[in-house]
2 protein chains.
Amino acid sequence: MAEENGKKWVLMVTAQTPTNIAVIKYWGKRDENLILPINDSISVTLDPSHLCTTTSVAVSPDFTEDRMWLNGKEMSLLGGRYQNCLRELRARASEVEDDEKGIKITKKDWEKLHVHIASYNNFPTAAGLASSAAGFACLVFSLAKLMNVKEDQSKLSAIARQGSGSACRSLYGGFVKWIMGKEENGSDSVAVQLADEKHWDDLVIIIAVVSSRQKETSSTSGMRETVETSMLIQHRAKEVVPKRIVQMEEAIKNRDFPSFARLSCADSNQFHAVCLDTSPPIFYMNDTSHRIISCVEKWNRFEGTPQVAYTFDAGPNAVLIAHNRKTAASLLHRLLFHFPPSSDADLNSYVIGDKTILQDAGIQNMKDVQALAPPPEIKDNIPTQKGQGDVSYFICTRPGRGPVLLTDNTQALLDPKTGLPK
Amino acid sequence: MAEENGKKWVLMVTAQTPTNIAVIKYWGKRDENLILPINDSISVTLDPSHLCTTTSVAVSPDFTEDRMWLNGKEMSLLGGRYQNCLRELRARASEVEDDEKGIKITKKDWEKLHVHIASYNNFPTAAGLASSAAGFACLVFSLAKLMNVKEDQSKLSAIARQGSGSACRSLYGGFVKWIMGKEENGSDSVAVQLADEKHWDDLVIIIAVVSSRQKETSSTSGMRETVETSMLIQHRAKEVVPKRIVQMEEAIKNRDFPSFARLSCADSNQFHAVCLDTSPPIFYMNDTSHRIISCVEKWNRFEGTPQVAYTFDAGPNAVLIAHNRKTAASLLHRLLFHFPPSSDADLNSYVIGDKTILQDAGIQNMKDVQALAPPPEIKDNIPTQKGQGDVSYFICTRPGRGPVLLTDNTQALLDPKTGLPK
């Protein structure tokens with residue numbers, strides 16, 4: 001070990017990992033500690049350019065304890081979920097040599113060496129955008145690189161799963177299935193890639209970050225209460241989801257958007273239905289979420305075939321998946337018509353991410369928003385009340401790639417000399 | 001027949017019928033025409049002093065067609081549901097004699113005689129308070145009296161059921177079960193009384209009429225869509241409800257409020273869950289409904305045992321059933337604290353029905369409302385945002401009696417000479 005030759009060193013790895021959105025939902029565990037689900041789930045990985053976690057991990061003989069900083073603020077690593085991930089990774093660590101720096105770490109050294117972890121989300125942590133999924137996936141991916149863990153990505157996913165269930169799906173890009181597995185030790189509860197992000201690259205995703213005044217039930221306690229009290233959840237897990245998984249895999253394979261959309265919407269609604277069937281009931285969607293669903297359903301019905309799929313996780317935010325750039329522009333038109341920004345907002349911070357969708361919709365400024373015509377499907381109806389201020393902002397994005405190492409040291413979050421946050 | 005002896009006459013009957021609220025819900029038909037449900041349901045009949053329909057029905061040889069007026073406005077009787085009820089009643093009509101007036105109607109005469117019907121709800125029809133249940137029950141009950149139909153109340157309930165499913169439950173006071181039945185012709189799909197209103201007479205009911213800007217799905221089309229598209233409704237109807245029916249009957253028999261409350265709340269939530277599992281999803285509850293549920297759930301949890309049950313029909317209105325007068329006063333305190341009237345409202349029209357509950361709560365005027373202290377269960381939390389204007393008004397009532405004939409002619413809605421609305 002380097003201490004022995006008296007030269008101080010810090011070894012660091014930085015990685016970027018995407019978040020993901022389930023289109024067949026994970027809700028309910030059969031093992032709380034190992035985080036083993038009661039059904040398979042399928043997700044779409046979101047483009048890390050718009051939503052991702054960046055994590056730097058470092059090791060040094062000078063570190064006296066494992067430490068972690070999230071968005072610049074130190075956090076405890078004592079929680080069981082962090083400890084489970086760290087233990088699993090240390091058990092699989094291999095020898096590391098860096099002749100240039102004069103570093104040699106043996107497999108046994110990893111038991112005593114401490115790590116520093118710094119993590120940063122490029123989106124608001126509190127917005128309910130699956131930050132823990134990206135976070136744990138990035139922690140496991142980067143530590144595995146640092147520790148020279150020689151397991152394949154699927155094995156790593158089983159470790160990330162023990163941090164946060166949906167994190168296992170963030171280890172791949174594109175379309176990902178989390179297989180629930182059968183083993184008691186969870187070894188076969190892993191994520192696999194169904195197709196990469198290039199397989200179906202005309203999909204466009206618009207996320208409506210919905211304003212909420214309600215404190216939400218955490219998904220951990222929410223799904224526990226559902227499993228304990230809902231009379232419908234077992235029927236969903238055993239009878240409904242297995243068929244939908246087969247159908248969704250087929251829809252993704254064939255780029256069959258109508259089937260993809262119908263399954264996504266139905267499964268999102270059923271997940272919220274079992275939340276409502278919980279005692280006490282759990283409400284994640286609010287009136288704004290309902291209005292977004294009504295807007296999409298009305299439009300899809302008007303067109304005769306689905307233009308857009310919607311899905312909602314454990315919060316009021318809508319994730320809207322448009323068939324292609326053209327329908328995405330039409331969708332954004334509708335969203336801005338129904339949910340214009342507050343009068344003091346500026347369009348540039350109201351629609352973020354891939355702004356070319358805004359250009360495609362022919363909307364350049366607030367004046368254009370105010371001049372938006374009602375979409376044809378509501379023309380005959382009484383003008384709907386506008387939900388000004390009901391949406392905080394929109395994020396335009398698309399399906400994206402899986403985790404990557406960042407070799408550009410300027411992107412590292414830890415100082416390469418001290419191993420402390422920059 | 002009276003025409004023959006040249007003397008003109010009008011024979012009239014007036015009746016009053018309550019509305020009812022299901023505590024184990026009816027949702028889904030197995031026969032659309034006969035209105036046969038996919039599961040049993042149980043309801044509480046509401047005191048007709050506060051919520052009822054009054055109907056006058058008259059027959060005269062001078063009437064040239066069947067006519068009906070609802071709340072003073074003439075309505076068509078051509079709909080299949082009215083026609084089914086009229087046909088079933090005519091087929092069971094018996095001889096009527098009134099020597100004083102010189103009236104003699106034979107069984108056969110009823111085939112040719114026409115009726116006039118005038119109906120009036122003592123509550124807003126549009127408020128989503130099961131006006132069609134009370135309406136059809138009253139129509140069938142009063143016509144059966146007029147036509148001297150000799151069937152028992154249960155047989156009449158099977159006729160009312162063909163007008164509006166839940167109407168069959170309004171033919172009894174107290175606690176009522178609608179047995180789904182097995183026969184294809186619906187003859188055994190009838191209501192029976194589980195216990196009369198005196199059996200459990202300390203219950204108090206407060207209805208929150210919730211303001212809504214959404215147009216709601218009618219329950220007829222809503223339940224059809226649920227049966228056609230929900231993957232959970234059959235499991236609910238076949239596996240969940242039968243057990244709950246047994247438990248609810250037991251809870252009512254034993255006046256076991258905690259069980260009554262738990263079952264009512266769980267079944268209301270499950271009904272709304274299967275609505276959400278419908279494609280496209282149906283939302284009847286809104287953010288105000290959710291906040292009322294949270295308020296009750298928090299209070300019940302704080303007390304360690306249920307104080308109040310809630311149940312919601314096909315709309316956002318909350319029906320809250322309090323264990324007794326004392327808990328009802330505490331409930332009203334909480335409701336007025338969380339949902340004060342708009343500043344321009346007056347308390348007298350904001351809390352209607354049995355105003356003694358307001359007195360019990362020690363609230364006499366708007367100043368008292370403004371001075372209400374937060375309930376203990378929220379004391380440690382951040383003060384909740386108040387839902388001023390989110391509730392239109394509250395109705396205080398209780399379980400009540402079944403249909404009655406009104407013999408006081410001043411309450412009749414038709415002129416005894418002309419048979420036209422007064």
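Read the figures in this text as sums done on the coordinates, not as results from a lab. Everything numeric here is computed off the predicted structure, so don't read it as measured data. Note that each Cβ is placed from the backbone with ideal geometry, even for glycine, and that neighbours are counted across all protein chains shown.
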*Give the relative contact order (percent, whole number) for chain B; include only Cα pairs under 8 Å separated by 6+ residues.*
23
*Can you run phi through the Karplus equation (6.51, -1.76, 1.60; θ = phi - 60°) for segment A:11-27 and list ³J(HN,Hα) in whole Hz, with x for Gly and Pro?*
10, 9, 9, 10, 9, 10, 10, x, 9, 9, 10, 6, 9, 10, 7, 8, 8
*asked:* Just to be sure I understand: with springs between alpha-carbon atoms less than 10 Å apart, which residue in B:A137, B:A361, B:A158 has the highest mean-square fluctuation in the Gaussian network model of chain B?
replied: B:A361
*Helix B:80-92 axis, angle to chain B major axis (alpha carbon atoms, nearest 10°)*: 50
_Paramagnetic reach from A:Q370 (point 7 Å along Cα→Cβ, amide N under 18 Å) across segment A:383-418_ = A:386-389
*Pull up the cross-link candidates among the aspartates and glutamates for A:K25, meaning alpha carbon to alpha carbon under 15 Å and not fewer than 8 places away within one chain.*
A:D40, A:E239, A:E249, A:D267, A:D313, B:D277
*Past 29 Å, Cα to Cα, is the threshold; run B:K145/B:K198; A:K8/A:K108; B:K298/B:K355; B:K104/B:K177 against it and keep the listed order.*
B:K104/B:K177
*Among A:M75, A:M180, A:M248, rank each residue by its count of other Cβ atoms within 10 Å, from fewest to most, as a rough exposure measure.*
A:M75, A:M180, A:M248
*asked:* List the residues, sorted by chain then number, that are 5 or more residues from A:V23 or on another chain and whose placed amide H is less than 5 Å from its amide H.
replied: A:I42, A:S43, A:V44
*For A:D62 and B:E303, what does the FRET efficiency come to when R0 = 51 Å and r is the distance between their Cβ atoms, rounded to the nearest 0.05?*
0.35
*asked:* If you fit an axis through the alpha-carbon atoms of helix B:241-253 and take the longest principal axis of the Cα set of chain B, what angle between them do you get, 0 to 90°, nearest 10?
replied: 90
*asked:* I'd like the Karplus ³J(HN,Hα) series for segment B:304-312: coefficients 6.51, -1.76, 1.60, θ = phi - 60°, whole numbers in Hz, and an x wherever there's a Gly or Pro.
replied: x, 8, x, 9, 9, 9, 10, 8, 10
*Rule-of-thumb check for the protein assembly as shown: C-alpha Rg over 2.2 N^0.38 Å?*
1.13
*Length added when fully stretched, A:S211-A:E95, from 0.36 nm per residue minus Cα-Cα*: 36.9 nm
*Mind checking which aspartates and glutamates have their Cα closer than 19 Å to the Cα of B:K107? Skip sequence neighbours fewer than 8 apart in that chain.*
B:E3, B:E4, B:D62, B:E65, B:D66, B:E88, B:E95, B:E97, B:D98, B:D99, B:E151, B:D152
*Evaluate E = 1/(1 + (r/R0)^6) for B:Q359 and B:D188, where r is the Cβ-Cβ distance and R0 equals 45 Å; express this FRET efficiency to the nearest 0.05.*
0.45
*Given charges of +1 on the Cβ of Lys and Arg and -1 on the Cβ of Asp and Glu, with all other atoms neutral, how large is the dipole of chain A about its Cα centre, in debye to the nearest 20?*
300
*asked:* Could you tell me which residue out of B:S259, B:V209, B:L335 lies farthest along the dipole of segment B:204-397 toward its positive end? Charges go on the beta carbon: Lys and Arg +1, Asp and Glu -1, centred on the Cα centre.
replied: B:S259
*Excluding residues fewer than 8 places away in the same chain, name every one of the lysines whose C-alpha is closer than 16 Å to that of B:K422.*
B:K73
*Under a 5 Å amide H to amide H cut-off, with H placed in plane at 1.01 Å, what residues pair with B:A318 once short-range neighbours are removed?*
B:A208, B:V210
*Under unit Cβ charges (Lys, Arg +1; Asp, Glu -1), what dipole magnitude, rounded to 20 debye, does segment B:161-223 have relative to its Cα centre?*
300
*Using the Karplus equation 6.51 cos²θ - 1.76 cosθ + 1.60 (θ = phi - 60°), what ³J(HN,Hα) coupling, rounded to whole Hz, does each residue of segment A:267-281 give in order, writing x for Gly and Pro?*
6, 4, 4, 5, 4, 5, 5, 5, 5, 5, 7, 7, 10, x, x
_Could you tell me the calculated FRET efficiency between A:L78 and A:K243, based on Cβ-Cβ distance and R0 = 41 angstrom, to the nearest 0.05?_
0.50
*Given label points at 7 Å from Cα along Cα→Cβ, what nm distances, shortest first, separate A:E239 from the same residue in every other copy?*
0.5
_What does the extension gain come out to for B:L405 and B:N324, with contour length at 0.36 nm per residue minus their alpha carbon separation?_
26.2 nm
_Size of charge dipole - segment A:204-397 - debye, nearest 20, with Cβ of Lys, Arg +1 and Asp, Glu -1, no other charges_ = 240
*Using modelled backbone amide H atoms (1.01 Å from N, in-plane), which distant-in-sequence or interchain residues come within less than 5 Å of B:Q307's amide H?*
B:N300
*Determine Rg/Rh for chain B; Rg is computed over alpha-carbon atoms and Rh is the Kirkwood hydrodynamic estimate from the same atoms.*
1.00
_Among B:L139, B:L347, B:L194, residue whose mean-square fluctuation peaks in a GNM of chain B (springs only between Cα atoms under 10 Å)_ = B:L347
_Potential lengthening between B:K107 and B:K150 on full extension [0.36 nm per residue; Cα-Cα distance subtracted]_ = 14.3 nm
